[in-house]
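*Asks:* Can you read through this structure? Questions will come right after.
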Amino acid sequence: MKKIVLVAALAALAACSKQAAPPTDAATETAATEAAGAAPAATTAETVAADGKSSVGKFKVTSHDGKVYMEEDKADGTYVTALDGKVVETGKWEQRDRGTFCFTKDEKDAKQQCNAEKVEGGKWTTTNAKGEVSTVERVGD
């Protein structure tokens with residue numbers, strides 16, 4: 001609804017001034033879509049992981065106790081973690097910044113947890129709130 005008002009305002013400005021640009025086709029299409037009752041298309045901002053690449057991908061995580069997990073962080077903000085080929089955890093993830101990776105397990109009353117991440121000397125580590133350090137390796141996109 002707000003976009004329809006915006007498009008109308010832009011059209012009024014264009015009629016009064018030669019300097020104002022008419023609404024773009026994308027803005028008009030979005031306004032028409034919302035007017036028809038459909039939700040606008042979601043846009044996902046690309047996030048950057050500690051290694052400087054996309055946060056989306058497949059990762060090998062070796063925990064502080066030596067267990068090796070395979071994790072897939074998906075573009076829709078969900079993740080799947082497997083141990084020995086069996087799914088052991090699912091949830092939602094968020095890359096707040098290059099050094100902060102947060103996740104919320106798909107469990108009743110789960111609270112978001114955040115890990116500090118960094119790459120030093122070519123080694124990518126993630127440290128949880130307890131101070132336990134795990135290593136991370138990117139294994140696929």
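*Asks:* Check the stretch 91-99 and report whether any residue there is of a type in the set (G, A, S) and under 18 Å from G57 (Cβ atoms).
*Replies:* Looking through the stretch 91-99, at least one residue is of a type in the set (G, A, S) and under 18 Å from G57 (Cβ atoms).
*Asks:* So which residues in the stretch 112-141 are out of contact with any strand residue (DSSP E or B) (no Cβ under 7 Å at 6 or more places or on another chain) and either without any contact (Cβ under 8 Å) to a residue 60 or more places away in the chain or closer than 20 Å to E72 by Cα (or both), if there are any at all?
*Replies:* The answer is V119, E120, G121, G122, K130, G131.
*Asks:* Could you check the stretch 38-140 for strands (runs of 3 or more DSSP E) lying wholly inside it with 3 or more residues that are among the acidic types (D, E)?
*Replies:* 68-73, 86-97
*Asks:* If you don't mind, another one. Which condition does F59 not pass, out of (1) surrounded by 15 or more Cβ atoms within 10 Å (Cβ to Cβ); (2) modelled with pLDDT of 95 or more; (3) hydrophobic (A, V, I, L, M, F, W, C); (4) in contact with a Ser or Thr (Cβ under 7 Å, 6 or more places away or on another chain), if it passes all the others?
*Replies:* F59 satisfies all of (1) surrounded by 15 or more Cβ atoms within 10 Å (Cβ to Cβ); (2) modelled with pLDDT of 95 or more; (3) hydrophobic (A, V, I, L, M, F, W, C); (4) in contact with a Ser or Thr (Cβ under 7 Å, 6 or more places away or on another chain) except (4).
*Asks:* Shifting gears a bit: Would you check which residues across the stretch 99-131 are among the charged types (D, E, K, R) and either in contact with a helix residue (DSSP H, G or I) (Cβ under 7 Å, 6 or more places away or on another chain) or over 18 Å from E71 (Cα atoms) (or both) and list them?
*Replies:* K108, D109, K111, E120, K130
The values are calculated or read from the model by the stated rules, or taken from the named source; none is laboratory data. Note that the coordinates shown come from a computational prediction; the quantities given were computed from them, not determined experimentally. Reconstructed Cβ throughout: ideal geometry from the backbone, glycine too, with neighbour counts over all protein chains shown.
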